[in-house]
Amino acid sequence: MKKRFLKMAVCLAMTTAILFSVPGCGSQPSTDSTDDTTEADVNVASEENGGNDNGGNDNGSNVGNRHSDNDIEVSKEDAATALTDFGVRLLQYSLEESIDSFPAQASMPQSVYEELAEEKNILLSPLSVLSALTMTAGGAEGETLRQMEEVFGMSVPALSAYLSEYQKSLPEADRYHLSMANAIWFTEDERFTVEQNFLETNENLFGADVHRVPFDQFTVKEINDWVKENTDGMIEEILDEIAPDAVMYLVNALAFEAEWQDIYHEYQVRDGEFTRADGIVRNVKMMYSEESRYLEGEHAEGFLKYYADGKYAYAAILPEEGMSAIEYAAFLTGEELRRMLTNSAEAIVQAALPKYESEYGIEMSRILREMGMPDAFDEIRADFSGIGYSTWGNIYIGRVLHKTFIAVDEKETRAGASTVVEMKDGCAAPLEALTKTVYLDRPFLYAIVDCETMTPVFLGIVEDIASGE
């Protein structure tokens, strides 16, 4: 995959911006579940009959027990490693998807090229994607479950326990917060019977609100309104329509907002230039500062800039001269990224960071299939018997919708993300003190890092910045 990816990166001189999250900050500086859904009035499979009146796979009744073990031992180091690796792979496959869909015509007008390039800016939250998929995997069995766990890099019980504890222990103060929310909507159509254990597990582990509703345009608005509220208005809409064969939507939303520990003063913000990979120069606002943690990798260097109280940090990674951000991202591994972030060096770093704002949306089904979990999207082979069953046919994942937003300025960083997993039934086709200088005046990688739990939040690349930002 990497050889093919590099070849594509070299052949296509395109401008792409990407965002992603990474664990590990190194040393820190000194300085509504009120819905009317109840067990009595919801079409659910009871524990007495094993949850499968239709004679299907009866492993579903074990799902709640499988994921409710409070004695599951989860290594934070193993979880951080798995989350970082998942984030890097998700970034690489998303970048490949972006390149595949980018027009090949080299002679298009520059204005058209720039418009298309702007649409290809990528912003990802592996944490949001993993949260929604882990809720879904709580109902997976057999080969479907095995493939999903291989892609996650952890067993579903261990990952569920880790994410559950992570969500419950998020640090928050006046100058920073990271909030997460989860919810499930499922159809009231009598054709679909949901496993009570599945709902209870997601309520208990992930605090998921559960809604049994008619699947119509009102529900589309309800889901979008919920996402907007739980991303602090940064993601206004994620769902366009409800598919006729949809039976369930599992939704995650997160919102991050934090002031810099050292806010940029007016004299630190000056006009500057950002040179894209294709040589085009953008006039931008550059924010200059002196940072204390230096990042160094085999083909890149960077710095950490802390947010208030040092609970989170912005990690900037600049590939060496002659290597594009796309080429660097193609060969980056989770192990290398984690090594850089957990081994930052004390240094005096003369840093420059551009102001920018970016948003992105993608449907991830092809990416996740290629990452190694094809059965989950196959209406014949998928095994989500732990979620429930439908008289219309087998249950499988139809779409995985992901939307994100970020804004970086003199005072703070604001970022939001949401992921929707759409479940269908089978009635239709289917990122000693030294003195260093790191100016981010060309494409670079960056992350928003949770310094306390070493868990990735956002991860990405900036390939282009609109003039004047």
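The values are calculated or read from the model by the stated rules, or taken from the named source; none is laboratory data. Please read all numbers here as calculations on a predicted model, not as lab measurements. Cβ sites come from the backbone with ideal geometry, for glycine too, and all protein chains shown count toward neighbours. These area figures cover heavy atoms from the full protein model, side chains too; ligands, DNA and RNA do not enter into them. Shrake-Rupley method; radii C 1.70, N 1.55, O 1.52, S 1.80 Å.
When the label point is put 7 Å from the Cα of L170 along its Cα-to-beta-carbon vector, which residues of the stretch 219-247 have a backbone N closer than 11 Å?
230-232
If I compute solvent accessible area with a 1.4 Å probe over the protein chains, what percent of it on the stretch 170-300 is carbon and sulfur?
Of the solvent-accessible surface of the stretch 170-300, carbon and sulfur hold 40 percent.
Suppose accessible area is computed on protein heavy atoms with a 1.4 Å probe; arrange E452, E298, E412 from highest to lowest.
Result, largest first: E298, E452, E412.
Would you list D232, D464, D78 from the most to the least accessible area, probe 1.4 Å?
D78, D232, D464
Could you sort I395, I380 by their accessible area in this structure, using a 1.4 Å probe and putting the largest first?
Largest to smallest exposure gives the sequence I380, I395.
Kindly report, to the nearest 10 Å², the accessible surface of I465 as traced by a 1.4 Å probe over protein heavy atoms only.
0 Å²
Holding the Cα-Cα limit at 32 Å, pick out from K311/K424; K228/K436; K228/K305; K76/K424 the pairs that are longer than that.
Exceeds cut-off: K311/K424; K228/K436; K76/K424.
Please compute the Kirkwood hydrodynamic radius over the stretch 343-439, one decimal place, Å, based on all pairs of different Cα atoms.
17.3 Å
Please report the relative contact order for the stretch 343-430, taking Cα pairs under 8 Å with a sequence separation of at least 6, and give it as a percent rounded to a whole number.
31 percent
Could you report the accessible area of Y356 in Å², rounded to 10, computed with a 1.4 Å probe on the protein chains as they sit in the structure?
10 Å²
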